[in-house]
Amino acid sequence: MVARDRRMIVTSILLPLVVTPLLFLGSSLGIKKHEKKLAEMVYPCAVSGPRAAMVKDLLAATRKRLDAAAATNKTVFRFKEVVCADPVQSLNQGDIQLILEGLPASSDDASHTNSAIHSGPSTAKPSEKDNSDDVEKPVPGSPVVRIVFRGDRHESAAGLSKMREALSQTRRLERAELLKTAGFPLPTENVVAVTEANLASQTQISGLALGKSLTLLLLLFIFSSGAVVATDSLAGEKERGTLETLLTTAAGRLEILAAKHLVIVVVALLITAIQILNLLAYIHFKLIPVPANWAAAITPFTAALLFFLYVPLAALAANVLLLVSGYARGYKEAQMWFLPVLLVGLVPALAPWLPGVPLRSAAVLVPIANLALAAKEILTGSFDWPMIALAWLVTAGAAAWTARLGARSLVQERLVTAADTDAVDFAGGPALFERRVLLWFCVIWAVLLIVSNYTSALDLRFQLVINLVGIFFGAACLMIRIYRLDPKLALALRFPRPAVWLGLVLAVPGGMLSALGLFRLANLLLPAPTRTVESFTDALLPPNVPFIQILLFMTVLPGIFEEITFRGLLLHGLRRRLHPVPLSLVVGIIFGIFHVALFRLVPTAALGAMFAGVTLLTGSIFPAMVWHAASNALGLLASKFNLPENELDSVCYLAGAGLLAAAFWIFWRHRTPYPDLRRPPPSR
Amino acid sequence: MSAPVSVHNLTKTFYDESRGQVRAVDDVSFECRPAEIFGLLGANGAGKTTTLRMLATILKPTSGHATLMGYDVANDPERVRRNLGFSSSTTALYPRLTARETLDFFARINGLPEDRVAERVESLIRRFGIASYAGARIDKLSQGMKQKVAIARTVVHDPPVLIFDEPTVGLDVLNALEMQQVIAEFRAEGKTIIFSTHIMSEAEKLCDRIAIIHQGRIHACDTLANLRTATGQHYLENIFVHFVQQATANAQPSPAGANLEAHGPDLT
């Protein structure tokens with residue numbers, strides 16, 4: 001049926017088949033033509049300033065040198081000196097491309113007062129280049145040749161770099177000659193030649209270039225080709241009225257969704273394959289040039305691995321497209337949504353362009369970004385199998401989650417009715433919070449990541465205040481206000497039985513040792529680099545902050561604000577969606593993910609699950625707050641006094657587990673459970 | 001044996017930004033018998049389509065329950081749909097499929113055994129006189145031709161219950177008469193048919209029993225003869241007006257009802 005849509009075939013296959021290579025071809029031809037024009041150009045320039053005679057001499061020497069070089073090299077830089085009454089005006093009008101000012105002194109003041117560009121009629125204030133790194137600082141007292149140009153004109157900007165290089169070379173040669181004439185010896189041991197050697201093979205360098213763009217390009221192809229089918233799939237069916245016909249058939253909603261999903265994936269992959277083959281064909285026939293020394297070698301094994309890697313990516317993209325199509329009321333609305341969705345989808349695919357972000361980092365937990373990083377590393381010959389597997393699983397999990405959302409969207413009545421039939425959506429309030437809580441935490445996580453990027457250089461205390469008070473507590477207040485939550489209920493603000501505090505005495509060391517034991521176990525599978533762990537410990541104990549302040553900030557703030565956010569609102573929002581044990585684990589895992597560093601995921605998730613467990617058993621957030629603060633204090637003290645907490649005997653960790661079990665036995669015996677939890681189904 | 005279609009206290013509430021809570025269907029109950037055409041007669045916005053969409057499992061009842069061939073519409077939607085043929089003015093056909101492909105697709109998707117599909121499709125093509133344009137794409141067909149394919153599509157899996165929601169809307173007189181004739185033939189074949197309309201003459205001619213629905217409530221449900229006796233009116237038009245006036249007079253002040261009346265057409 002898809003193949004019968006002529007417009008789709010034209011817009012999705014035929015047009016891109018022609019347009020995409022033409023774009024590459026056109027741009028490369030344009031660049032070549034422009035480069036040729038610049039290479040053949042004779043740059044007109046004027047000489048001015050109080051030391052114009054010096055500049056003229058330098059130009060004459062440069063011309064002589066370039067003329068000699070032109071005998072063997074046709075593309076040598078050429079210039080001509082033009083005499084004009086007002087050089088600045090001539091430069092502004094495009095009659096000349098450069099002004100060479102000869103200035104007597106090297107100080108900024110002197111150059112400014114004598115500069116011709118300030119006396120000219122130019123209305124715009126010229127930008128100074130004297131402070132940029134690529135301009136050498138003049139020796140004090142020596143005259144200056146100042147090149148004045150127009151940065152908003154290609155010819156002038158190109159002329160600047162060529163003229164600077166030419167004059168510098170002439171000056172270097174003259175200096176060497178002067179030294180020689182003055183009888184200075186040239187001790188070779190004092191002259192250092194800087195050369196370079198690249199250990200990476202050309203295949204790896206090309207692989208890096210390809211790996212950085214491959215996911216982005218594929219995602220772009222998949223989105224743009226899948227969007228055509230996806231729009232037709234649900235939004236189009238709604239508009240035509242065929243969706244109601246389909247929904248009244250005996251087919252299950254999941255069957256319908258799976259069929260539509262498959263069509264989008266197959267069409268998107270097919271069109272992507274056609275486009276890639278088309279590009280390869282153009283490259284083969286040299287219609288699209290490849291960079292010099294290009295040597296990306298993709299073996300059949302690498303190709304198969306990449307294909308396998310991208311399967312969840314295609315599935316995720318198809319699901320997102322289908323969700324958008326289902327959400328939109330018609331074609332137009334769906335098309336309006338696709339561009340922002342595409343842009344948001346492409347952002348994580350830019351991860352390989354970020355310097356210093358390896359796959360073995362928290363980025364492995366970000367769908368799409370993780371596959372993009374994995375592809376880059378694979379193409380540069382690095383195969384970090386546990387991380388590749390984790391990346392694949394995370395993106396596959398995201399694809400499964402979006403598929404579930406898609407299946408749910410097919411039973412939503414807004415697909416066939418204009419009015420909303422959902423009381424919760426309509427009325428808002430606490431019931432709506434339970435549906436939106438995970439979305440809120442996704443947004444908080446993204447905000448935390450972005451903000452952390454800007455605050456990482458700040459003092460640890462400021463970072464803690466911004467993250468915990470600004471982001472966590474701010475979001476918590478917003479959630480409470482928007483969804484009209486009762487803070488006492490949502491944050492479990494009630495006191496537990498006194499015996500619980502006794503249990504905490506056992507729980508604090510027990511929890512810490514158990515979490516460390518789990519960290520060591522996880523380290524067997526995913527070894528954390530020692531340097532990373534050390535850097536983290538160093539960052540926790542900055543030398544310029546008194547330890548007592550660190551202790552205060554690291555215990556009180558997380559104890560209060562992280563608990564309000566995670567064991568307060570997150571737990572409250574999920575309490576009726578999961579049974580207590582999975583609920584504790586999910587809250588723990590989300591808490592672990594918020595700690596961003598991959599090596600901290602397992603221990604923080606374990607502690608988070610323990611805090612959630614004690615909150616569920618006591619119905620109170622206070623034990624978790626005290627436990628969290630005490631646990632952080634214990635960790636800090638261990639770091640401060642260099643206790644070998646990560647190198648203890650396994651008996652210690654087992655003893656910790658025993659203490660933890662005893663603590664939970666006390667909590668269980670004196671439980672006052674969290675209200676309104678999801679109950680297990682009654683036994684039949 | 002239980003009734004093919006049984007509806008008990010069915011209620012559907014919508015929520016709307018401007019109108020608040022709207023009770024589109026309010027405590028509706030009725031039963032349909034085998035080989036009967038059961039008419040749902042009501043003005044635009046009375047709640048006919050919402051009731052039928054709940055029976056077709058597209059909408060979920062807010063309260064009450066309904067069964068179709070013994071299967072609960074809320075708990076067993078796929079079995080319900082397997083036993084149902086649903087046709088309305090809003091159920092369109094795929095424009096890029098041919099008539100034959102349309103019948104073939106809907107036979108398969110509705111679970112007709114593989115070995116019966118071809119035979120069933122060909123028999124329907126013959127029965128409805130589709131043969132001459134069976135290979136043509138739906139978007140190339142005239143309105144009358146599309147209507148025939150749509151009817152064949154509705155019954156392609158041979159369901160025991162058929163729902164026709166205002167099936168003659170937009171049809172010319174001849175096509176409307178043909179549609180009425182086909183529906184009468186289905187009754188003769190023993191199918192249970194729910195027929196919703198706001199055209200009095202259609203209901204008068206076709207329906208064995210008629211339910212008069214107004215503002216989401218059923219105000220009368222009986223044979224035409226009994227309705228005539230009860231109201232002392234001969235024409236269905238007058239009978240309908242009688243019940244609507246009675247309902248308006250008896251109505252308690254109800255903001256929801258008023259809302260429904262004011263904005264009713266959106267809900268059909």
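State all residues of the range A:591-639 that are in a loop (DSSP other than H, G, I, E, B) and among the aromatic types (Phe, Trp, Tyr); if no residue qualifies, say none.
Once the filter is applied, which keeps residues that are in a loop (DSSP other than H, G, I, E, B) and among the aromatic types (Phe, Trp, Tyr), the range A:591-639 yields only A:Phe594.
Within the range B:183-199, work out how many residues are part of a helix (DSSP H, G or I) and touching a Phe, Trp or Tyr at 6+ places or on another chain (Cβ under 8 Å).
The qualifying residues number 1.
Take B:Glu119 and decide whether it is more than 18 Å from the chain's Cα centre (by Cα) and of a type outside the set (Phe, Trp, Tyr).
yes
Scan the range A:88-107 and give yes if some residue there is surrounded by fewer than 16 Cβ atoms within 10 Å (Cβ to Cβ) and within 40 Å of the chain's Cα centre (by Cα), otherwise no.
Checked the range A:88-107: no residue is surrounded by fewer than 16 Cβ atoms within 10 Å (Cβ to Cβ) and within 40 Å of the chain's Cα centre (by Cα).
For the range B:51-77, which residues satisfy the criterion of being more than 16 Å from B:Thr11 (Cα to Cα) and either more than 14 Å from every other protein chain (Cβ to nearest Cβ) or in contact (Cβ under 8 Å) with a residue 12 or more places away in the chain (or both)?
Result: B:Leu68, B:Met69, B:Gly70, B:Tyr71, B:Pro77.
Based on this model, can you work out whether A:Ala303 counts as assigned to a helix (DSSP H, G or I), modelled with pLDDT of 90 or more and out of contact with any Lys or Arg (no Cβ under 9 Å at 6 or more places or on another chain)?
So A:Ala303 does not fit the description; no.
A:Pro582 - would you say it is surrounded by fewer than 16 Cβ atoms within 10 Å (Cβ to Cβ) and more than 23 Å from A:Ile466 (Cα to Cα)?
Yes; evaluated as a whole, the condition is true for this residue.
Just one of (1) more than 13 Å from chain A (Cβ to nearest Cβ); (2) more than 30 Å from B:Cys221 (Cα to Cα); (3) assigned to a loop (DSSP other than H, G, I, E, B) trips up B:Asp115, so point out which.
(3)
For B:Glu202, state whether it is under 20 Å from B:Ala46 (Cβ atoms), charged (D, E, K, R) and either at pLDDT 90 or above or in a helix (DSSP H, G or I) (or both).
Answer is yes for this residue.
List the pairs whose first member sits in the range A:222-249 and is farther than 12 Å from A:Ile264 by Cβ and more than 7 Å from every other protein chain (Cβ to nearest Cβ), whose second member is crowded, with 24+ Cβ neighbours inside 10 Å and of a type in the set (Ser, Thr, Tyr), and whose Cβ atoms are under 6 Å apart, counting only residues at least 6 apart or on separate chains?
A:Ala235/A:Ser325
Does the range A:355-376 contain at least one residue that is touching a Leu at 6+ places or on another chain (Cβ under 7 Å), part of a helix (DSSP H, G or I), modelled with pLDDT of 90 or more and more than 21 Å from A:Ile222 (Cα to Cα)?
The answer is no, given that none of the residues of the range A:355-376 is touching a Leu at 6+ places or on another chain (Cβ under 7 Å), part of a helix (DSSP H, G or I), modelled with pLDDT of 90 or more and more than 21 Å from A:Ile222 (Cα to Cα).
Among the residues of the range A:22-31, is any within 21 Å of A:Gly94 (Cβ to Cβ) and aliphatic (A, V, I, L, M)?
Checked against the condition, which is being within 21 Å of A:Gly94 (Cβ to Cβ) and aliphatic (A, V, I, L, M), the range A:22-31 yields no hits at all.
Got a number for residues in the range A:641-652 being part of a helix (DSSP H, G or I) and under 37 Å from the mean Cα position of the chain (by Cα)?
3
Could you count how many residues in the range B:183-203 are β-branched (Val, Ile, Thr) and under 19 Å from B:Phe128 (Cβ atoms)?
Number of matching residues: 2.
Report the residue count in the range B:156-203 for those that are under 21 Å from B:Ser6 (Cα atoms), within 14 Å of chain A (Cβ to nearest Cβ) and within 16 Å of the chain's Cα centre (by Cα).
Matching residues across the range B:156-203 total 9.
Tell me yes or no: at least one residue of the range A:193-206 is buried (at least 20 other Cβ atoms within 10 Å of the Cβ), away from chain B (no Cβ under 14 Å), part of a helix (DSSP H, G or I) and in contact (Cβ under 8 Å) with a residue 12 or more places away in the chain.
yes
Can you tell me how many residues in the range A:468-498 are closer than 18 Å to A:Phe611 by Cβ and either among the small types (Gly, Ala, Ser) or crowded, with 20+ Cβ neighbours inside 10 Å (or both)?
7
Return yes when B:Lys48 is at the interface with another protein chain (Cβ under 8 Å from one of its Cβ atoms), closer than 26 Å to B:Val169 by Cα, modelled with pLDDT of 90 or more and crowded, with 19+ Cβ neighbours inside 10 Å and no when it is not.
So B:Lys48 fails the test.
Name the residue that is nearest to the other protein chains (Cβ to nearest Cβ), counting only residues in the range A:259-284 that are within 31 Å of the chain's Cα centre (by Cα) and among the small types (Gly, Ala, Ser).
A:Ala268
Here are some conditions: (1) assigned to a helix (DSSP H, G or I); (2) more than 36 Å from the chain's Cα centre (by Cα); (3) within 14 Å of chain B (Cβ to nearest Cβ). A:Leu179 meets all but one. Which one does it not meet?
(3)
Among the listed residues A:Trp401, A:Trp337, A:Trp392, identify the single one that is crowded, with 17+ Cβ neighbours inside 10 Å and either closer than 15 Å to A:Leu309 by Cα or without any contact (Cβ under 8 Å) to a residue 12 or more places away in the chain (or both).
A:Trp392
Under 8 Å between Cβ atoms, at least 6 apart or on separate chains: pull out the pairs that start in the range A:442-466 with a residue that is in contact (Cβ under 8 Å) with a residue 12 or more places away in the chain and end on any residue that is among the β-branched types (Val, Ile, Thr) and not in a helix (DSSP H, G or I).
A:Leu448/A:Val596; A:Leu449/A:Val596; A:Ser452/A:Val596; A:Asp459/A:Val545; A:Leu460/A:Val545; A:Arg461/A:Val545
Say whether the condition of being within 13 Å of chain A (Cβ to nearest Cβ), outside any helix (DSSP H, G or I), under 20 Å from B:Lys191 (Cα atoms) and touching a residue at least 24 places away in the same chain (Cβ under 8 Å) is met by at least one residue in the range B:138-152.
no
Answer yes if at least one residue in the range B:19-27 is more than 14 Å from chain A (Cβ to nearest Cβ) and at pLDDT below 95, and no otherwise.
Checked against the condition, which is being more than 14 Å from chain A (Cβ to nearest Cβ) and at pLDDT below 95, the range B:19-27 yields at least one hit.
Filter the range A:26-70 down to residues that are assigned to a helix (DSSP H, G or I) and of a type in the set (Val, Ile, Thr), then give me how many there are.
Adding up the residues that qualify gives 3.
What is the one condition in (1) within 11 Å of chain A (Cβ to nearest Cβ); (2) touching a residue at least 40 places away in the same chain (Cβ under 8 Å); (3) crowded, with 16+ Cβ neighbours inside 10 Å that B:Ala99 does not satisfy?
Only one criterion is unmet by B:Ala99, namely (1).
Could you grab me the full set of residues in the range B:1-33 that are surrounded by 16 or more Cβ atoms within 10 Å (Cβ to Cβ) and basic (Lys, Arg)?
B:Lys12, B:Arg19, B:Arg23
Look through B:Arg79, B:Arg108, B:Arg100 and report the one residue that is of a type in the set (D, E, K, R) and touching a strand residue (DSSP E or B) at 6+ places or on another chain (Cβ under 7 Å).
The match here is B:Arg79.
The values are calculated or read from the model by the stated rules, or taken from the named source; none is laboratory data. Note that the structure is a prediction, hence the values are computed from the model and not measured. Every residue, glycine as well, gets a Cβ built from its backbone with ideal geometry; the counts of neighbours run over all protein chains shown.
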